[in-house]
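Down below is the structure, laid out as structure tokens.
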Amino acid sequence: MNIPVDAFIEIEKGSDHKYEYNHATQTLELDRILTSHHVYPFAYGFIPGTRADDGDELDVLVLTDTVDIPRNTHQRVYIIGALLMEDEKGNDEKMLTVLAPDYESGRVVNIDDLPSDTLVSIQTFFANYKLDEPGKWSRVHGFVHQKYAYHIYNKTVLSATPSPSHLSLSLP
């Protein structure tokens with residue numbers, strides 16, 4: 001059974017400002033401004049209660065064209081796939097998600113429901129957004145479907161008291 005997860009949004013769609021959540025102060029802090037013409041193609045953040053290979057929470061993109069999602073908000077989302085990539089810190093997968101109403105209506109339930117130009121824009125952004133930044137790089141390895149994305153998510157969930165957004169997810 002697929003269940004929604006909680007996504008904390010750090011960056012709004014179309015922004016060139018890279019914010020990072022500071023757990024100590026519980027605030028968003030500007031990390032850097034992206035160079036050139038790079039802007040986030042969708043709202044971006046993380047899944048609380050996870051720890052990815054790079055030591056940070058698992059990254060998440062919320063794919064929607066129907067709603068502007070403001071930063072510093074929590075959104076209920078469903079995982080539909082993932083972008084496999086790495087950067088200077090190691091593996092850095094991006095969970096591709098959709099808002100609960102889009103998923104629950106059946107409009108978008110897996111990565112194959114996305115237009116090809118959406119996937120191209122995501123891949124192009126993450127392949128290039130660090131090009132002009134000294135000491136930073138990114139390498140994109142392609143997309144995986146929902147089942148493998150859930151496998152990645154399940155590996156990153158911290159063993160704390162389970163809440164709806166931290167339950168192990170599986171597909172039928």
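Estimated from helical segments only, the mean residue ellipticity of the chain at 222 nm is -5000 deg cm²/dmol, where each DSSP H run of four or more residues counts as -39500 (n - 2.57). Length available on full extension from Val120 to His141: 0.36 nm per residue minus the Cα-Cα distance, which gives 6.3 nm.
Rg/Rh, computed from the Cα trace of the chain with Rh as the Kirkwood radius, has the value 0.93. DSSP assigns beta bridges within the chain; of those with both partners inside it, close to 90 percent run antiparallel. With each label modelled as a point 7 angstrom along the Cα→C-beta vector, the Glu133-Arg51 pair spans 2.4 nm. Listed from fewest to most Cβ neighbours within 10 Å, the set Phe126, Phe143 follows the order Phe143, Phe126.
What stretch of the chain, leaving out the sites themselves, is the longest with no trypsin sites (Lys or Arg not before Pro) in a DSSP loop having at most 14 other Cβ atoms within 10 Å? Here the longest segment lacking exposed loop sites spans 1-50. Among Gly81, Ser15, Gln26, flag the residue with its Cα farthest along the positive direction of the charge dipole of the chain, charges on Cβ as +1 for Lys/Arg and -1 for Asp/Glu. Farthest along the dipole direction, towards plus: Gly81.
Eigen-decomposition of the gyration tensor built on the alpha-carbon atoms of the stretch 24-111 gives equivalent ellipsoid semi-axes of 22, 16, 15 angstrom, largest listed first. Rounded to the nearest 20 debye, the dipole size of the chain about its Cα centre is 300 debye, using +1 on the Cβ of Lys and Arg and -1 on the Cβ of Asp and Glu.
Taking a straight line from the alpha carbon of Lys147, these aspartates and glutamates sit under 13 Å away, with near neighbours fewer than eight places off in the same chain left out: Asp112.
Only the coordinates and a few stated rules stand behind these numbers; no lab work does. Note that the structure is a prediction, hence the values are computed from the model and not measured. No Cβ is skipped: glycine too gets one built from the backbone with ideal geometry, and neighbour counts run over all protein chains shown.
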